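Shown next, in structure tokens, is the structure this report addresses.
Bear in mind that the values in this text are calculations on the coordinates, not laboratory data. Keep in mind it's a predicted model, so treat the numbers as computed, not measured.
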Amino acid sequence: MQEEQRLQVCLITEEIISLFRSVIGEINSAEFWLEEEEGKFTFHLTANQKLGNVQRSELIESTTSGENDAVRRGFLGKLREMLIQAMSVGKDIDQYYSSEAYSSQAADLSDAVISTEKWDKFERSVLLGLTDRVNISIRGGLVELTAVKQF
């Protein structure tokens, strides 16, 4: 691997983590790993994290397709997404997944911070510019980000 490629791998890793932190805030539990096969690098970040509506939208907008991959995986995924959207109208999405008051308060607070004018979409543009593809899958409280870069 050339030095320039090493630097790009490091930068992509930093941008993935930075994007997650910018959108989600404090990450409770996450795993990150990198796979390489014949010059194709696949970056994986999986987090157990309940998301607010704004957080969910920001992550989905950070993908190449602009869609939640969990929804594209068949009829049940699409039905689940429709139910989540219908039940969350005017509410924070965490109220759908959990009735714990502190969870929805934390999500409301993070939604307010993200939706301020200070939200910078720089991480998203850098990540999309450096990679060939970025996918997000959100199912309940499981968030999976996969980015692919072919050298």
Point to revise | Long-range HN-HN contacts of residue 49 with modeled amide H, under 5 Å | key: 142, 143
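Using a ≥ b ≥ c from the Cα gyration tensor of the stretch 1-76 (square roots of the eigenvalues), is it rounded, prolate or oblate, where a/c under 1.5 gives rounded and otherwise the larger of a/b and b/c decides, a/b for prolate?
It comes out prolate by the Cα gyration axes.
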